[in-house]
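The values are calculated or read from the model by the stated rules, or taken from the named source; none is laboratory data. Source: prediction; values computed, not measured. Please note: Cβ atoms are built from the backbone with ideal geometry, for glycine as well, and neighbour counts cover all protein chains shown. Areas reflect the complete protein model, heavy atoms only, side chains present, ligands, DNA and RNA absent. Shrake-Rupley method; radii C 1.70, N 1.55, O 1.52, S 1.80 Å.
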Amino acid sequence: MNFKQSLAYEASAGSGKTFKLVVRYLSLLFMDEDASKILALTFTNKAANEMYVRILETLQHLEKYEYQLKEIAQTLNVSKEFILDKKVEVLERFFKSSAQIMTIDKFFVSILRTFSLQLGLSDDFEVTANEDDLYLLISFLEQSQIDGQLDSIVQNSLIKNQDNEHHYC
């Protein structure tokens, strides 16, 4: 199976991005990945909420979502029956996890909070539309990427147990 760790979809409205992300997310869950270790980002709170609801609804009623079921089975190279037999277990693990489905700005704020002391910020800072704040965030992320630390920063901001591998969708 050729399953990339990180993947981004960019397309116009109504082109099936949410469908693809839901199938990918559920495929990871059926690969026994912990939902707390999967990062799904989007631009708006509405889209993040919609993605969460669609993931949960599809997982709860997978037998009714024939096309998604087929796509997950093909992605994992397993039978639809295998997926359906494992559904209850995956659903229970999903409910016990803290799913990381959020907006890009919420994720970046969580990174800033994680590293607030190194940046000279208090940990209860307020996010504003100030250009200086945006510049600080962009500078921090650019420097982290140059230093080869961006992936490590992303992982450290998400993990509860640093020994576990993360997947991003």
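Working only within the range 86-98, note down all residues that are touching a residue at least 12 places away in the same chain (Cβ under 8 Å) and open to solvent by 40 Å² or more (accessible area, probe 1.4 Å).
At the first step, the residues of the range 86-98 found to be touching a residue at least 12 places away in the same chain (Cβ under 8 Å) are 86-87, 90-91, 93-94, 97-98.
Across the range 86-98, the qualifying residues are R93, S98.
Residue by residue through the range 43-85, note down the ones that are hydrophobic (A, V, I, L, M, F, W, C), under 13 Å from V22 (Cα atoms) and in contact (Cβ under 8 Å) with a residue 12 or more places away in the chain.
Those that are hydrophobic (A, V, I, L, M, F, W, C), under 13 Å from V22 (Cα atoms) and in contact (Cβ under 8 Å) with a residue 12 or more places away in the chain: A47, A48, M51, I55, L56, L59, L62, L69, I72.
Residue by residue through the range 35-47, note down the ones that are under 11 Å from the mean Cα position of the chain (by Cα) and either closer than 12 Å to T75 by Cβ or not small (G, A, S) (or both).
K37, I38, L39, L41, T42
So that you can scan it fast, the table gives a plain yes or no per residue for (1) open to solvent by 40 Å² or more (accessible area, probe 1.4 Å); (2) at pLDDT below 95; (3) of a type outside the set (A, V, I, L, M):
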| residue | (1), (2), (3) |
| --- | --- |
| K70 | yes, no, yes |
| S79 | yes, no, yes |
| L84 | yes, no, no |
| Q100 | no, yes, yes |
| T103 | no, yes, yes |
| R113 | yes, yes, yes |
| Y135 | yes, yes, yes |
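Which of the residues spanning the range 23-47 are part of a helix (DSSP H, G or I) and at pLDDT below 90?
Matches in the range 23-47: N45, K46, A47.
When the residues of the range 115-133 are filtered to those that are assigned to a helix (DSSP H, G or I) and at pLDDT below 70, which remaining residue is nearest to L41 (Cα to Cα)? If you could, list the steps in order and put the result at the bottom.
Kept after step one, since they are assigned to a helix (DSSP H, G or I), are these residues of the range 115-133: 116-119, 131-133.
Subsequent filtering for residues that are at pLDDT below 70 retains 131-133.
On the way: E131: 23, D132: 24, D133: 21 Å.
Checked the range 115-133; the qualifying residue nearest to L41 (Cα to Cα) is D133.
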